[in-house]
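Peer 1: Pasting a structure below so you can have a look.
The values are calculated or read from the model by the stated rules, or taken from the named source; none is laboratory data. As the structure is a prediction and not an experimental result, all values here were calculated from the model. Backbone-built Cβ (ideal geometry, glycine too); neighbour counts: all protein chains shown. Surface areas here come from the heavy atoms of the whole protein model, side chains and all, with no ligands, DNA or RNA. Shrake-Rupley method; radii C 1.70, N 1.55, O 1.52, S 1.80 Å.
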Number of protein chains: 2
Amino acid sequence: MNQSIPYKIYLEEHEMPRQWYNVRADMTKKPAPILNPQTLQPITEEELSGIFCRELARQELDDHTAYFDIPQEILDFYRMYRPSPLVRAYCLEERLKTPAHIYYKFEGNNTSGSHKLNSAIAQAYYAKKQGLKGVTTETGAGQWGTALSMACAYFELDCQVYMVKCSYEQKPFRREVMRTYGAAVTPSPSMNTAVGRKINEEFPGTTGSLGCAISEAVEAAMSQDGYRYVLGSVLSQVLLHQSIIGLETKTALEKYSIVPDMIIGCAGGGSNVGGLISPFAGEILKGQANYQLIAVEPSSCPTLTRGIYAYDYCDTGKVCPLAKMYTLGSGFIPSASHAGGLRYHGMSSVVSELYDQGLLEARSASQREIFQAAQTFARVEGILPAPESSHAIKVAIDEALKCKETGEKKTIVFGLTGTGYFDMYAYQKYNDGLMEDFAPSQEELEKARANMPQTGK
Amino acid sequence: MNQSIPYKIYLEEHEMPRQWYNVRADMTKKPAPILNPQTLQPITEEELSGIFCRELARQELDDHTAYFDIPQEILDFYRMYRPSPLVRAYCLEERLKTPAHIYYKFEGNNTSGSHKLNSAIAQAYYAKKQGLKGVTTETGAGQWGTALSMACAYFELDCQVYMVKCSYEQKPFRREVMRTYGAAVTPSPSMNTAVGRKINEEFPGTTGSLGCAISEAVEAAMSQDGYRYVLGSVLSQVLLHQSIIGLETKTALEKYSIVPDMIIGCAGGGSNVGGLISPFAGEILKGQANYQLIAVEPSSCPTLTRGIYAYDYCDTGKVCPLAKMYTLGSGFIPSASHAGGLRYHGMSSVVSELYDQGLLEARSASQREIFQAAQTFARVEGILPAPESSHAIKVAIDEALKCKETGEKKTIVFGLTGTGYFDMYAYQKYNDGLMEDFAPSQEELEKARANMPQTGK
């Protein structure tokens, strides 16, 4: 094997980024502002500070500052698990017999098992600094809840997690990791909140959704002194924190003078793909370079590929600000057979706008396809990938096989967001040949969209 | 925080060891030879090659060659997850308010979740090179079985795993990881083998033991053409492969001129602690340095601290060679409440001999103590440790707290062998306050020892 590029490119600690990058600053056409759900006017920092920590509200609304200093306390924590490696997938290349060069940025080497920790620690830090007692949040597949529990344990903050009920039941061990880190975990919809009680009444026996768990967590934060709500994806502040993924990737590539042809990320709410592509999109926006950027989403939750671009509710209870985004409608709930995360009905407004401007492509992949890709990858590269991450693997393999046909020696970079240790129930279904594929019908999509807000914008 | 030593010391790929170290070569008094169970004479390479691959039989019996070249194919695989980081536990030090400096060698950043992969890939490589079709093995907690499945998938070898029944039932997800890597997993005792059928008949409803699963795996290997048996601990060949842990640790420490005062490892069959301490023990044996070396075992399976040093059977079916080792008797089965691994009745003959010569200390720790240590560690250092590894954490914390009392600034190094993602059932018991402590009574120990072989040696 060619040894001139090491298997794993690790940056030195002093090469780690000390600032996050805000791609909005370099966009001529900015993402549309988020709106106050009562007034339908752009929300103010003051209004937003009732839900989020002050500094996070500021970051959310700031679309002109390109770089934010990462506080020293966060850098100290990052050093426990960062820089993450950029891995050359020599063994996968060999197995596929492709002339392409494949690299992946691996974010799974921390106990939360995913990239979510990058933003969790930032959000916990600002909560601590503001003197709060604790934070509330929702979690679906459980990666975000785990990450936040770890971050709160580190800063000795209380952490209350509303976990989508079907996930709470299917993933008892995810729950136990959070409890080990001291978090209180409640299945959602619960009877703890007004919105939870209302949803339970309207839809008896419901197994919950992210949109519903968000409403519960927001209500819980607003009804307790010294608490704020935090969110693991979708928000522009989260993409800002996650830009560390893209920045490290770029530095690592530059260290070995590697110029990527394409950068591929899986997309649910957009935190990973947004963070990964931000610095590369920034270069494109400034006319300094050109890359093919690809977001991959599940066919069962096809927000970019089959959604519409409009203002929508971010949660089922309609208590959150409205965002202009690609959306399937806040009533959309993926099929019960949907495994793993990437199940949110909307998409980060930044990712949505980049997609709308044509800087970013979108593709969708079915469950069986992604588990097949996961298995191929695991058997040669050793790492058992999360189902979410396997969407990116699937398209990376597709592209590498295209290169095999054409003989092109493209350089493919993808984001491997995390590990699948807590997804073995889904792997078991795949191993047993019981994994199902499905995609919402046109009728279902139209129904989910029926109650979109009328903002006139 | 003091930034002169980075959080994680990563060696460059070119600094990775290219040879394994065989500590037996530097021992004046060697470990006693393993014996043919029929003749009670030292077993020959020829005899041993019926069970193990030829090259592994050679490594097993060679107690005079100090260094073995690591084949390039194994180095290539090692580069996918090695070098592993030596981490400075700054956050743990701060939480304990200790003047001690604590480092841990983290072996959990690979999908098998532990150090076991270091030997699994070597054993699979030699099997492949010999042209075998496949290998058989046993697994208890599941780390070894997972590691071997990964290694076999990489070399496209068949892999048959006999998994101790209680573990097979309690850890369905461990089983699924192995299946994802293409292994066939059978709960032991099974009805597939004569020894399994006999044990099932004698002890109806038994949930199995490692000693029994070993017998089944050996029988399965001997009864199929093109198969050999492989083992994840206890053997001297395994310690040889695992010396990579100690060698990397030593190189990383030397890179920053750090001289450790003590090196702590958890001990079950001895693969981790043996590999970790080997190069340090070598220096002591050659009079070049002095370190305090400590093995930590569970109070519920106290092989070193309460066992006897004698020839014993390595398996329940008495088909394996006999080894002189610290042992609780091959009939010993830890309490059903024992969580995690470190449950073997005997101890590596190398580790046993080093202990007998006074180069190595041994301590035991109870379950509640080790889960408490695990929780403390997880909350500040981020990593969710395996219960096995937490034995070393417990003693490292004890020693760091002693330093706090005395004001000594000792340098403590411990081996963090793996992650606890598949041990959440045990964590749940601890979180719920249901974890039990227990230790075998003197009477139980005497009973387990009643059927030791009479070798006259």
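Peer 1: What whole number of Å gives the distance from the Cα centroid of region A:127-166 to the Cα centroid of region B:214-249?
Peer 2: Comparing the Cα centres of region B:214-249 and region A:127-166, I get a distance of 43 Å.
Peer 1: Here's a follow-up. In percent, what relative contact order does region A:142-255 have, based on Cα pairs under 8 Å that are 6 or more apart in sequence?
Peer 2: Result for region A:142-255 is 21 percent.
Peer 1: While we're on this one: Counting only protein heavy atoms and using a 1.4 Å probe, what share of the accessible area of the protein assembly as shown belongs to carbon plus sulfur, as a whole percent?
Peer 2: 48 percent
Peer 1: With +1 on the Cβ of every Lys and Arg and -1 on the Cβ of every Asp and Glu, and nothing else charged, how large is the dipole of the protein assembly as shown about its Cα centre, in debye rounded to the nearest 20?
Peer 2: So the magnitude is around 140 debye.
Peer 1: Related question: HN-Hα J couplings of region B:387-400 from phi, Karplus 6.51/-1.76/1.60, θ = phi - 60°, integer Hz, Gly and Pro as x?
Peer 2: Per-residue couplings from phi come out as x, 4, 4, 5, 5, 5, 4, 3, 6, 4, 5, 3, 5, 5 Hz.
Peer 1: Give me the percent of DSSP beta bridges within region A:247-328 that run antiparallel, rounded to the nearest 5.
Peer 2: Bridges in region A:247-328 that DSSP calls antiparallel: roughly 50 percent.
Peer 1: What is the interface area between chains A and B, defined as buried accessible area summed over both chains with a 1.4 Å probe, reported in Å² to the nearest 100?
Peer 2: Roughly 4500 Å² of accessible surface disappears when A and B pair.
Peer 1: Also, quick follow-up: Could you order A:H14, B:H345 by accessible surface area, starting with the largest, using a probe radius of 1.4 Å?
Peer 2: A:H14, B:H345
Peer 1: Mean residue ellipticity at 222 nm from the helices of chain B, using -39,500 (n - 2.57) per DSSP H segment of n ≥ 4 over the full residue count, to the nearest 500 deg cm²/dmol?
Peer 2: Mean residue ellipticity, 222 nm, calculated: -12500 deg cm²/dmol.
Peer 1: If you don't mind, there's one more thing I want to ask. Short version: ³J(HN,Hα) in whole Hz for each residue of region A:297-304, in order, from phi by Karplus 6.51 cos²θ - 1.76 cosθ + 1.60 (θ = phi - 60°), x for Gly and Pro, what are they?
Peer 2: Those phi angles translate into 10, x, 4, 7, 9, x, 4, 6 Hz.
Peer 1: OK, next. Answer rounded, prolate or oblate for region A:272-405, using the Cα gyration tensor with square roots of eigenvalues a ≥ b ≥ c: rounded when a/c is under 1.5, else prolate when a/b is larger than b/c, else oblate.
Peer 2: Oblate.
Peer 1: A follow-up question, please. Measuring from a point 7 Å out along Cα→Cβ, what nm distances, shortest first, does B:S223 have to its partners in the other copies?
Peer 2: 6.3
Peer 1: Right, something else. Heavy atoms of the protein only, probe of 1.4 Å, neighbouring chains included. What is the accessible area of B:T207 in Å², nearest 10?
Peer 2: Result for B:T207: roughly 70 Å² accessible.
Peer 1: Now for a separate question. Tally Lys and Arg at +1 and Asp and Glu at -1 over the other residues with C-beta under 11 Å from the C-beta of A:L416: what net charge comes out?
Peer 2: -2
Peer 1: Amide H to amide H under 5 Å from B:I102: which residues, 5+ apart in sequence or cross-chain, H placed 1.01 Å off N in plane?
Peer 2: Counting only residues 5 or more places away or on other chains, the set is B:A89, B:I412.
Peer 1: Compute, for B:I5, the solvent-accessible surface of its heavy atoms (probe 1.4 Å) with the complete set of protein chains present, and express it in square angstrom to the nearest 10.
Peer 2: 20 Å²
Peer 1: Run the label-point distances for B:Q454 please: 7 Å along Cα to Cβ, every other copy, nanometres, shortest first.
Peer 2: Shortest to longest, the spacings are 9.8 nm.
Peer 1: At most 11 other Cβ atoms within 10 Å and a DSSP loop assignment: could you name the GluC sites (Glu not before Pro) in region B:1-91 that fit?
Peer 2: Here the GluC sites (Glu not before Pro) that fit, given the DSSP loop and packing criteria, are B:E12.
Peer 1: If you place +1 on the Cβ of every Lys and Arg and -1 on the Cβ of every Asp and Glu, how big does the dipole about the Cα centre of chain A come out, in debye to the nearest 20?
Peer 2: That gives a dipole near 380 debye.
Peer 1: Here is a follow-up. How large is ³J(HN,Hα), in whole Hz, for each residue of region B:83-89 in order, when computed from phi with the Karplus curve 6.51 cos²θ - 1.76 cosθ + 1.60 and θ = phi - 60°, using x for Gly and Pro?
Peer 2: x, 8, x, 9, 9, 7, 7
Peer 1: Tell me which of B:Y227, B:A252, B:P99 sits at the most positive position along the dipole axis of chain B, charges placed on C-beta atoms (Lys, Arg +1; Asp, Glu -1).
Peer 2: Of the options given, the answer is B:P99.
Peer 1: Right, something else. How much area per residue is accessible in region B:187-240 when the probe is 1.4 Å and only protein heavy atoms are counted (Å²)?
Peer 2: Accessible surface, normalised per residue, equals 38 Å².
Peer 1: While we're here: At A:Q41, with labels set 7 Å past Cα in the Cβ direction, how many nm apart are the copies from this one, shortest first?
Peer 2: Spacings between copies for this position, smallest first, are 9.9 nm.
Peer 1: To continue, here is another question. Can you list the trypsin sites (Lys or Arg not before Pro) in region B:259-350 that are in a DSSP coil and have 11 or fewer other beta carbons within 10 angstrom?
Peer 2: B:K286
Peer 1: Let me ask another. Could you give the length gained by full extension between B:E444 and B:E169, i.e. 0.36 nm per residue of separation minus their alpha carbon distance, to one decimal place?
Peer 2: Values: separation 275, 0.36 × 275 = 99.00 nm, distance 2.60 nm.
Gain in length upon complete extension: 96.4 nm.
Peer 1: Continuing with the same structure: Report the paramagnetic label zone for B:E408: residues of region B:276-299 whose backbone N is under 18 Å from a point 7 Å from Cα along the Cα-to-Cβ axis.
Peer 2: Answer for this model: B:289-296.
Peer 1: A further question on this structure: Looking at A:F280, A:A310, A:P334, which one has the Cα that reaches farthest to the positive end of the dipole of region A:265-413 (charges on Cβ: Lys, Arg +1; Asp, Glu -1)?
Peer 2: Projecting each Cα onto the dipole axis, the largest value belongs to A:P334.
Peer 1: Which GluC sites (Glu not before Pro) from region A:352-457 combine a DSSP loop assignment with at most 10 other Cβ atoms within 10 Å? If you can, show how the numbers build up before the last one.
Peer 2: Numbers: sites: A:E353, A:E361, A:E369, A:E381, A:E388, A:E399, A:E405, A:E408, A:E436, A:E443, A:E444, A:E446; in loops: A:E408, A:E436.
The qualifying sites: there are none.
Peer 1: Averaged over peptide B:49-57, how many Cβ atoms belonging to another chain are found within 10 Å of each residue's Cβ?
Peer 2: On the way: counts 0, 0, 0, 0, 0, 0, 0, 0, 0.
What the average comes to for B:49-57 is 0.
Peer 1: In degrees between 0 and 90, to the nearest 10, how far off the longest principal axis of chain B does helix B:271-285 point, with axes built from Cα atoms?
Peer 2: Computed tilt is about 60 degrees.
Peer 1: Shifting gears a bit: Could you give the distance between the Cα centres of region B:406-457 and region A:323-343, to the whole Å?
Peer 2: Value for the Cα centre distance between the two parts: 46 Å.
Peer 1: Could you state the angle between the C-alpha long axis of helix B:117-129 and the longest principal axis of the C-alpha atoms of chain B, as a value from 0 to 90 degrees rounded to the nearest 10?
Peer 2: 40 degrees
Peer 1: Label chain B by shape, choosing from rounded, prolate and oblate, from the square roots a ≥ b ≥ c of the eigenvalues of the Cα gyration tensor; if a/c is under 1.5 it is rounded, and otherwise prolate applies when a/b is larger than b/c, oblate when it is not.
Peer 2: Working: a/c = 1.42, a/b = 1.29, b/c = 1.10.
Rounded shape, in that the Cα axes give a/c under 1.5.
Peer 1: Right, another one. What dipole magnitude, in Debye to the nearest 20, does region B:138-197 give about its Cα centre under +1 on Lys/Arg Cβ and -1 on Asp/Glu Cβ?
Peer 2: Dipole of region B:138-197, to the nearest 20 debye: 220 debye.
Peer 1: Return a whole-number percent for the relative contact order of chain B, with Cα pairs under 8 Å and 6 or more residues apart as the contact set.
Peer 2: 19 percent
Peer 1: Please report the net charge: other residues with Cβ closer than 11 Å to the Cβ of A:G211, K and R +1, D and E -1.
Peer 2: -2
Peer 1: What are the residues of region A:378-406 that lose 50 Å² or more of accessible area, with a 1.4 Å probe, going from their chain alone to all protein chains?
Peer 2: A:R379, A:G382
Peer 1: Okay, moving on. Keeping all protein chains in the complex and leaving out DNA, RNA and ligands, what accessible area do you get for A:H101 with a 1.4 Å probe, in Å² to the nearest 10?
Peer 2: 50 Å²
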